[in-house]
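Enquirer: After the structure tokens below, expect a handful of questions from me.
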């Protein structure tokens, strides 16, 4: 493991071993609360501060340390910092995750050899190791080195030993931040665990770096998850795929906070345009999402996206011209070299950034730059409308930095009402800032070993008999309420706790029930904090 | 969707006592395995909830007096025999198991699925019209088959009962019936409950020749079953030309089963099922219904057996279906060379049955 990795690993362990103190500044009853939401988009990093209902924000271009720069401007004495980042998603979108070597430990069962390289070894349904790894075969398989590595064993979340064995061997060739293990992904379903872990391997490094960057200025913070929950940063590093689709849930929460209305949120960003429906103030949740052709065990707001945004690269040479899928640089209006839809808007009379540069550049491409710009925006609006019409919206809420320019065109073409709330350009960051402490708790109880693990923290419960499933869930519910309130949540905010995963099985040896292992994830239901309620 | 799995959470509830061999882990472990393999998300497979069997449907097989007795026992608690107790609330579970068998057949006949596996509990093949026995209360298979014929869905049904125990209940119910071919492969009755199922039990009256018992010696493994399928089951069923192939899929012939002495492997089960599926494709428009019967190897092979059966039914690859290697020793201890004895049994059977089946002439 190289120096940098070790450093990250060390503080992750360090932070993980003690209770994170996210809540820093609440000294007296009369102090005004200050909540900070950060949204790292494809182009800009938005930081929003909400204090006493007043919203202020800074936008920082995503160059180096954009989060740090924004936090230095805005988040210094915040009571809570919540970060939503589309960085890992963009890594996947732009296929910058590198090539992944996939080592499977599937043992007997269905034939999964189509998913990756298979090595010997097997953990059975009770978590027993019933087949061992063959070290020679493993070394041979590993020798085919790629950019990163995913290791997935069947039933590995019932016993990770075999995955750990492969991991130890792999450290000779890979850095810790390049290796993802299946055990960190909760839930049964080997093919989906494989899909999730492969994607984890591709994004792990970027989430590590981001976390490290933020840690440099803020001792602790929360990440916003795809299903609207928030978790302490160090918990997120184990299964970063949970963060990957956070943008739709923040957009939904932020839009609802800003408008108080249900509808289809069309979030037009620099790199992508996201769509999410708000029903009764909340996004719908999909239990398991499929991303980039990989079926995953990731729970997330039901949303869909197209790789088309304000900074998308335009292929003028194709007929009809094509927008996206990649983003190369900023728009010309923001110092880039390639024309984008943002520049086209400037040619049609908007004044976004250095709009004169856009006009000049467009003139170089075409004698009739206005009609070319029309074509660009027409194609842009058309692709957004095509996606929107999938759900027949009666109302659209346009957010993101181009939202207010495009909303009337989209609304007209769809024939529906459109809203562009004030601060729509930072709706996602608002969503992160107003989120209640919808803390998720990962709990594992092992009665045989007498241990309870809550978000990585081990507690002794002493040897004891089995629990009823209801008993386990109610312990978890109480625990997550307690933790959320320690973090500063109000009683009102922790009332509604949902169970998102449960799995319990008896450990039987030689005909005797030896113990019981239960895994359970509960979460304070996502929503807007009562502290900032409109 | 190709294969329907009939399942209800209530099937996990049936438990005579926590240490009784027919206990809930039987299904719980199998379900964990199926979930981990991603079976329930495969587009070829769908979970179908069972309906309850109606009293009239049950009465096509069982006597009213016996059903009344079961209902009374399910209120006050009682015992049919030493192995077969009835506790409170159990009647609903029986009715849901029989209903699961009916649901499987209905989905197959109305074309919703090509074949179906009812993962039901409690099992049924020892239950007779007037009395239950051997962990069985209602004869799920008989109730399904009688109803399929009564409701004109099929005229002729071929049952293969590969449970390690002779299905004496099912045999008795169809003993006079020429429209139901009952073939049972089981551990020799001289060495295992219920002590019946010898080669000369061939049916009575119009049903003569339509009941075939193939007793096999302890230690019999995959090759024995393959031989019997090739020599007896496949030729007879091809000649019988059923409208439905039904399988009483006991899993207690697995080499880790604590109550029997047979030595079938998960791969062996998968291959048998693949043969049955092929036969259903050839003879009866792919209609095949599989019902779970016994199988008590709670800690050993059950998850792999069920997985193998489902994979074969759904047309998935069965190449990697096997037990973990730690069980190899157990298999080697249990498996015996029984080829000579089995061949003598088959010769005897062919001789006895030659007047009823052209394939044996």
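Bear in mind these aren't lab numbers, they're just calculated from the coordinates by the rules spelled out. Because the structure is a prediction, the values reported are computed rather than measured. Methodologically, a virtual Cβ is constructed for each residue, glycine included, from the backbone with ideal geometry; neighbour enumeration extends over all protein chains shown.
Enquirer: Give me the compactness ratio for segment B:61-182, meaning the Cα radius of gyration over 2.2 N^0.38 Å. Write out the running numbers ahead of the final one.
Expert: Working: Rg = 14.4 Å, N = 122, 2.2 N^0.38 = 13.7 Å.
Cα-based Rg divided by the globular estimate yields 1.05.
Enquirer: Hey, how many Å between the Cα centroid of segment B:79-138 and the Cα centroid of segment B:178-253?
Expert: 21
Enquirer: Same structure again: For segment A:258-428, how big is the tail of P(r) above 23 Å, as a whole percent of Cα pairs?
Expert: Working: 5831 of 14535 pairs.
When all Cα pairs of segment A:258-428 are counted, 40 percent exceed 23 Å.
Enquirer: Any idea what the alpha-carbon Rg over 2.2 N^0.38 Å comes to for chain B?
Expert: Values: Rg = 18.6 Å, N = 361, 2.2 N^0.38 = 20.6 Å.
So the Cα radius of gyration is 0.90 times the expected 2.2 N^0.38 Å.
Enquirer: Next question, about the same structure. Which distance in nm do the two modelled labels at residue A:99 and residue A:460 give, with both placed 7 Å along the Cα-to-Cβ direction?
Expert: 5.1
Enquirer: Quick one: of the DSSP bridges fully inside segment A:100-199, what percent are antiparallel, nearest 5?
Expert: Details: 2 of 13 bridges.
Given both bridge residues lie in segment A:100-199, the antiparallel proportion sits at roughly 15 percent.
Enquirer: Can you grab the distance from the C-alpha centre of segment B:284-361 to the C-alpha centre of segment A:337-406, Å, no decimals?
Expert: One Cα centre to the other: 67 Å.
Enquirer: Now a separate question. Subtracting the Cα-Cα distance from 0.36 nm times the residue separation, let me have the gained length for residue A:495 to residue A:213 in nm, one decimal. Please report the intermediate quantities before stating the final value.
Expert: On the way: separation 282, 0.36 × 282 = 101.52 nm, distance 3.40 nm.
That works out to 98.1 nm of additional length.
Enquirer: Further question: Peptide A:123-131: average number of partner chain Cβ atoms within 10 Å per residue? It would help to have the intermediate numbers written out before the result.
Expert: Values: counts 1, 11, 13, 5, 0, 3, 2, 5, 3.
Taking the mean over all residues of the peptide, I get 5.
Enquirer: Would you mind checking segment A:120-156 for residues with the amide N under 13 Å from a putative spin-label position 7 Å along Cα→C-beta of residue B:325?
Expert: What the label zone holds, given the 13 Å backbone N cut-off, is A:120-123, A:130-138.
Enquirer: Give the distance, in whole Å, between the Cα centre of segment A:57-97 and the Cα centre of segment B:142-162.
Expert: Taking the Cα centre of each part, segment A:57-97 and segment B:142-162 sit 66 Å apart.
Enquirer: Here is a follow-up. Can you check what the Kirkwood hydrodynamic radius comes to for the protein assembly as shown, Cα pairs only, in Å to one decimal? It would help to have the intermediate numbers written out before the result.
Expert: Values: mean 1/r = 0.0327 Å⁻¹.
It works out to 30.6 Å.
Enquirer: More than 17 angstrom separation, counting every C-alpha pair in segment A:100-199; what % is that? Kindly include the intermediate steps, with their values, before the conclusion.
Expert: Numbers: 2105 of 4950 pairs.
Within segment A:100-199, distances greater than 17 Å cover 43 percent of Cα pairs.
Enquirer: Under 8 Å for C-alpha pairs, at least 6 residues apart: give me the relative contact order for segment A:395-534, rounded to a whole percent. It would help to have the intermediate numbers written out before the result.
Expert: On the way: 243 pairs, mean separation 35.8, N = 140.
Dividing the mean separation by the residue count of segment A:395-534 yields 26 percent.
Enquirer: Where in segment A:420-454 does the label zone of residue A:261 land, with the point 7 angstrom along Cα→C-beta and an amide N cut-off under 18 Å?
Expert: Only A:420-428 pass the distance filter.
Enquirer: Run the simple label-point estimate for residue B:47 and residue A:502 please: 7 Å along Cα→C-beta, distance reported in nm.
Expert: In this crude label model, residue B:47 to residue A:502 measures out at 1.4 nm.
Enquirer: Other chains' Cβ within 10 Å of B:321-331 residues: what's the mean? Present the calculation step by step, with values, prior to reporting the outcome.
Expert: On the way: counts 4, 3, 4, 9, 7, 7, 2, 0, 0, 0, 0.
Taking the mean over all residues of the peptide, I get 3.
Enquirer: Please report, to one decimal in angstroms, the Kirkwood hydrodynamic radius of segment A:368-410 built from all distinct Cα-Cα pairs. Before the final figure, lay out the partial values.
Expert: Values: mean 1/r = 0.0886 Å⁻¹.
Computed over segment A:368-410, the radius equals 11.3 Å.
Enquirer: Also: What distance in nm lies between label points placed 7 Å from Cα along the C-beta direction at residue B:259 and residue A:468?
Expert: 3.0
Enquirer: When the chain is fully extended, how far beyond the present Cα-Cα distance does residue B:208 get from residue B:278, taking 0.36 nm per residue of separation?
Expert: Working: separation 70, 0.36 × 70 = 25.20 nm, distance 2.71 nm.
Contour length minus the Cα-Cα distance gives 22.5 nm.
Enquirer: Oh, and also: Where both residues lie in chain A, what percent of DSSP beta bridges are antiparallel, nearest 5?
Expert: Numbers: 67 of 94 bridges.
If I count the DSSP bridges inside chain A, around 70 percent turn out antiparallel.
Enquirer: How large is the direction-averaged shadow of the alpha-carbon convex hull of segment A:440-532, in nm²? It would help to have the intermediate numbers written out before the result.
Expert: Details: hull surface 24.6 nm².
One quarter of the hull surface, i.e. the mean projection, equals 6.1 nm².
Enquirer: Next up: When the helices in chain B are scored as -39500 (n - 2.57) per DSSP H run of 4 or longer and the sum is shared across all residues, what 222 nm value do you end up with, to the nearest 500 deg cm²/dmol?
Expert: Working: 12 runs with 134 residues, N = 361.
Value at 222 nm, helices only, nearest 500: -11500 deg cm²/dmol.
Enquirer: Then there is this: Antiparallel versus total DSSP beta bridges in segment B:3-360: what percent is that, nearest 5? List each step's numbers first, then the result.
Expert: Details: 5 of 40 bridges.
Bridges in segment B:3-360 are about 10 percent antiparallel.
Enquirer: Report the rotationally averaged projected area of chain A based on its alpha-carbon convex hull, in square nanometres. All intermediate terms of the calculation are to be shown ahead of the outcome.
Expert: On the way: hull surface 104.0 nm².
That works out to 26.0 nm².
Enquirer: Given only helices, namely DSSP H runs of n ≥ 4 each adding -39500 (n - 2.57), what is the per-residue ellipticity at 222 nm of chain A, to the nearest 500 deg cm²/dmol? Intermediate values should be presented prior to the final figure.
Expert: Numbers: 15 runs with 173 residues, N = 534.
My calculation for chain A gives -10000 deg cm²/dmol from helical runs alone.
Enquirer: Taking each residue of B:34-44 in turn, how many C-beta atoms of other protein chains fall within 10 Å of its C-beta, and what is the average? Mind showing how you got there, number by number?
Expert: Values: counts 3, 6, 17, 9, 11, 4, 2, 5, 2, 0, 0.
Partner-chain Cβ atoms within 10 Å, mean over residues of B:34-44: 5.
Enquirer: Listing A:217, A:119, A:298 from the residue with the fewest other Cβ atoms within 10 Å to the one with the most, what is the order?
Expert: Details: A:217 17, A:119 22, A:298 28.
Going from least to most buried by this count: A:217, A:119, A:298.
Enquirer: In Å and whole numbers, how far do the C-alpha atoms of segment B:96-143 stretch along each principal axis, longest first?
Expert: 34, 17, 14
Enquirer: Taking only C-alpha pairs under 8 Å that are 6+ residues apart, what is the relative contact order of segment B:3-360 in percent? Kindly include the intermediate steps, with their values, before the conclusion.
Expert: Details: 792 pairs, mean separation 62.1, N = 358.
With pairs under 8 Å counted, the relative contact order is 17 percent.
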